[in-house]
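Inspection log for the structure reproduced underneath, given as structure tokens.
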Amino acid sequence: MKEQAKKYIIEAENLAHEYARRDENGDVTEIVRALDGVDVQIREGSFVAVLGANGSGKSTFAKHLNRLLFPTEGTLYIDGMDTADSENTLAIRQTAGMVFQNPDNQIIANIVEEDVGFGLENVGVPTDEILLRVEESLKETGMYSYRRHSPNHLSGGQKQRVAIAGVMAMRPKCIILDEATAMLDPVGRKSVLDTIKRLNQKEHITVVLITHYMEEVTQADYVYVMKQGTVACSGTPGEVFQNVGTLKECRLEAPQITQIVQELCRAGVSITNEIYSVERLAEELLRLKSGFKG
Amino acid sequence: MIRNITIGQYYVADSVIHRLDPRVKVTGTLLYIVSLFLFHNFWGYVVAVGCFFAVMVLSKVPFSYIVRGLKPIFFMLVFTAVLNLFWTPGTVFFRFGAIQLTWEGLRKSVFMAFRLIFLVLGSSLMTLTTTPNQLTDALEKLLRPLRHLHVPVHEIAMMMSIALRFIPILVEETDRIMKAQMARGADFESGSVLQRLRNMLPILVPLFVSAIRRANDLALAMDARCYHGGDGRTKMHPLRYQGRDFAAYFICIAYCVLLYSAVTYLPML
Amino acid sequence: MSILLRNVNYTYGKGSSEEKQALKNINLEIHKNEFTAIVGHTGSGKSTLIQLLNGLEKADSGEILFHGKNIYDKDFSMKMLRSKVGLVFQYPEHQLFEATVVKDVAFGPNNMEWEPLKAELSTFGALKDVGIGEELFDVSPLALSGGQKRRVAIAGVLAVEPEILVLDEPMAGLDPAGRKEIFDLLKKLHSERKITIIMVSHSMEDVAEYASRVIVMNQGEVVLDGEPRKVFRYEKELKQIGLGVPQATSLMHCLAAQGAGVKEDCLTVQESVSEILKWLKRV
């Protein structure tokens, strides 16, 4: 991989965001610092997860990536564009598309394909081109056969894939999933994750996955863990999961497989901590066991 | 339950009526509704009813599906029918104490019920064969001249489209909220009118909170997808008249002519 | 015996284009003081099932007995049933409506036509049980955090003093620590207050750790029913219907399938780790 050649698509430096909480009379009661000195760098084409408990600031961070919010302090560049500059709004939103948490509250149109075309209509893409791109992105997300359906009759996972198609139709470089799997059941969650993984691998779309489900981040290239508006730790999933204490402070918990690996290590079993799947761990253990015998 | 409202519920099918330009359907439906109120003649109803069924068959929407649209107006129907029946002066054919029924009243109530029924059936048929988006597109286009009077036509159309999308969601949510409160012993069926209104509060507050939240989320999602009003916007399915649409307009005119001649030349019944 | 379902059928959306048999010939008995988890993917009928238990939905055929009495009998009090079988829905936002936390929790007791003193006692008792402190009593429920909202919603149902508490995905949307807090609360209610718990859950890890019984639903039918240790033996079958088993259990199955002589029915991380260590040391 030519990792070095790839530039940063997201660069946050000392990013801070404050908002004022007001009482009934509109007087400011409190200044909340939702983000506080966040440094994040994400390379083009990578799959990055941002982990954090509820209220850790991860969604506030996500909204900055799409210029739905902008920095109080510090800087954030999306593909070289400064998010502080309002001139860049539309360009940023076409570069970094966003999928939100609630599947119902982000589908605007009453028919699947019309919703996928919504963003393209907004930026004035000609009709023929819209039809082409809508078809393409519906096929990419496996929702083509539902193109004439009403979104109301789809499952949560299907609705999220429609939302992903809507983003993909804009041909973005980056897709941000702001807790997009939080309201789904395991089947729906898997279908959404499989879809974005495919987009990451085949189309080389940069993926920023914001979540508090630990199992989802095992596939990521890099993980940022957020706590009270700051980055508490970061690294590969294996590195991050090792910080049991930090994770606990962040109200998070490593997946069972990681916990088992760590417990085994603690008990003196020599095993690598970069194992995230049941099959890999079983394989490793069987090899160890045969080593004992031999 | 409120789930039965069919207006705003698109019926998926592939038919000539579904494919028609929504502008034709909106204009045609308006014409049809107006026509219902312009005659008081049996033959007129025959033409109107015949026309409705002809379009219905073409549309492939089952009759049972369209009829469901009548449920919400059932009481209004009965009310107007009774009102007309009892309070229209004329030749009395039945008397019981202070109650008297007249032929004119009977005729008027039957005709009135007919009009209301076919008004609802006609508009249901339109909404069942036209996606809400097409509908709002049609209105946006048809009302376009009003822009010069500073009417925000695009915004109104967008609002309507979104409202239509969220009606089924909020209806379902109301159902869930009702159940959640009933699980805590709430009673929505007994008590005086005032009491019952008060009892609605546990439903209305969560519903409003949720609606506001949804509106907020949706506004963000629209922003994120580069929505910035109607300027410079293109259309995925721009409205373009086809041959069949002109044919349909012609049929609308033919219907008016037929109706007029039926009412004028056939013997009064 | 608390609740008995006999040959229960339920069809959703009768007469519409979306007609679907949501429950097919369900026979179940919920015993006193069980901690039951109902699992199944969306559309398996689990939500309908729990709504039948307190009479919010009515079965098309079959009968449901509560303490031996048929709940569809004319003289059976639905109001009594709903107070004895408390149902907490997935989204607390669907039930919170009052201006303050206390008033909201008092909604149930006030509907019960109890003496004011009893209503008040059970309101504050429920708030204490779920761990909502005095400082939050006069706060608007809408200003609370996700986890707190869920607690208040549970308190609102607990306040009518149910024998059975039914919860629809009580952990949905909560972070790992929040989930644990709710689970510990349920465990406490179960062991200290002797409340029978029935909950719908998607997390097999949580089910394995907390439940004494698992009911697996698929396409409107009960396909597996028993202790987690027994039910989770059927990993292949569970995977076929879009479910799974805890990773700790799956690991043991995977090892055993490849000839390792390990005990397979481990449910938790601790059990699996000690079993693996024992196995590794064995020569």
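The values are calculated or read from the model by the stated rules, or taken from the named source; none is laboratory data. What you see is a predicted model, and the numbers here were worked out from it, not measured in a lab. Cβ placement follows ideal geometry from the backbone for every residue including glycine, while neighbour counts extend to all protein chains displayed.
Some notes on this structure:
- The criterion of at least 2 residues that are assigned by TED's automatic domain parsing to the domain that holds B:PHE166 and under 20 Å from C:ASP104 (Cα atoms) is met by the following helices (runs of 4 or more DSSP H) wholly inside segment B:183-269: B:193-199, B:201-224.
- Selected residue (criterion: nearest to the chain's Cα centre (by Cα)) from residues of segment A:77-92 that are within 14 Å of another protein chain (Cβ to nearest Cβ) and free of Cβ contacts under 8 Å to residues at least 40 places away in the same chain: A:ILE92
- Where A:GLY124 falls short, out of the listed (1) touching a helix residue (DSSP H, G or I) at 6+ places or on another chain (Cβ under 9 Å); (2) facing chain B (nearest Cβ under 7 Å); (3) of a type outside the set (A, V, I, L, M): (1)
- A:VAL134 being buried (at least 23 other Cβ atoms within 10 Å of the Cβ) and either in contact (Cβ under 8 Å) with a residue 24 or more places away in the chain or more than 7 Å from chain B (Cβ to nearest Cβ) (or both): yes
- Of residues in segment A:254-294 being of a type in the set (Ser, Thr, Tyr), out of contact with any Pro (no Cβ under 7 Å at 6 or more places or on another chain) and touching a residue at least 12 places away in the same chain (Cβ under 8 Å), the one surrounded by the fewest Cβ atoms within 10 Å (Cβ to Cβ): A:SER270
- Lone unmet requirement of (1) touching a residue at least 12 places away in the same chain (Cβ under 8 Å); (2) more than 19 Å from A:ILE205 (Cβ to Cβ); (3) away from chain C (no Cβ under 14 Å) for A:SER145: (1)
- Any chance B:TYR241 is closer than 24 Å to B:HIS18 by Cα and either more than 10 Å from every other protein chain (Cβ to nearest Cβ) or touching a Leu at 6+ places or on another chain (Cβ under 7 Å) (or both): yes
- Elements of type helices (runs of 4 or more DSSP H) contained in segment B:39-138, each with 1 or more residues being within 14 Å of another protein chain (Cβ to nearest Cβ) and aliphatic (A, V, I, L, M): B:63-67, B:103-129
- Of note, B:PRO206 satisfies the criterion of being in contact with a Leu (Cβ under 8 Å, 6 or more places away or on another chain), on the phi < 0 side of the Ramachandran plot and within 10 Å of chain C (Cβ to nearest Cβ).
- Any hit, segment C:130-139, residues being in contact with a Pro (Cβ under 6 Å, 6 or more places away or on another chain) and farther than 15 Å from C:LYS188 by Cα: no
- Of all the listed residues (C:PHE137, C:PHE183), the sole one being aromatic (Phe, Trp, Tyr) and away from chain A (no Cβ under 14 Å) is C:PHE137.
- A search for C-beta distances below 7 Å between a residue of segment B:181-209 that is closer than 24 Å to C:SER77 by Cα and any residue that is hydroxyl-bearing (Ser, Thr, Tyr), counting only pairs 6+ apart in sequence or on different chains, returns B:GLY185/C:SER83; B:ILE203/B:THR174.
- Top-ranked residue of segment C:227-283 - restricted to ones that are aromatic (Phe, Trp, Tyr) and either crowded, with 22+ Cβ neighbours inside 10 Å or under 15 Å from A:LEU264 (Cα atoms) (or both), ranked as farthest from the other protein chains (Cβ to nearest Cβ): C:PHE232
- Looking at A:LEU184, A:LEU199, A:LEU252, A:LEU193, just one residue is away from every other protein chain (no Cβ under 13 Å) and within 26 Å of C:MET171 (Cβ to Cβ), and that residue is A:LEU193.
- Remark: pairs (first residue in segment A:198-212, over 26 Å from A:ASN102 (Cβ atoms) and in the same structural domain as A:THR95 (by TED's automatic domain parsing); second residue surrounded by fewer than 21 Cβ atoms within 10 Å (Cβ to Cβ) and of a type outside the set (Gly, Ala, Ser); Cβ separation under 8 Å; 6+ apart in sequence or on different chains) = A:HIS204/A:GLU44.
- Condition check for A:VAL240: part of a helix (DSSP H, G or I), of a type in the set (Val, Ile, Thr) and closer than 30 Å to A:GLU18 by Cα: yes
- Any hit, segment C:229-237, residues being charged (D, E, K, R), in contact with a helix residue (DSSP H, G or I) (Cβ under 6 Å, 6 or more places away or on another chain), free of Cβ contacts under 8 Å to residues at least 60 places away in the same chain and over 26 Å from C:ILE30 (Cα atoms): no
- Residue within segment A:61-76 that is over 16 Å from A:LEU177 (Cβ atoms), outside any loop (DSSP other than H, G, I, E, B), within 14 Å of chain C (Cβ to nearest Cβ) and not small (Gly, Ala, Ser) present: no
- Residue ranges of strands (runs of 3 or more DSSP E) in segment A:1-59 with at least 2 members farther than 26 Å from C:GLY178 by Cβ and either out of contact with any helix residue (DSSP H, G or I) (no Cβ under 6 Å at 6 or more places or on another chain) or free of Cβ contacts under 8 Å to residues at least 24 places away in the same chain (or both): A:8-22, A:28-43
- Among residues of segment C:47-85, those that are more than 13 Å from chain B (Cβ to nearest Cβ) and over 21 Å from C:GLN219 (Cα atoms), counted: 12
- Test: C:THR100 is more than 11 Å from chain B (Cβ to nearest Cβ), of a type in the set (Val, Ile, Thr), closer than 30 Å to C:VAL223 by Cα and surrounded by fewer than 21 Cβ atoms within 10 Å (Cβ to Cβ): no
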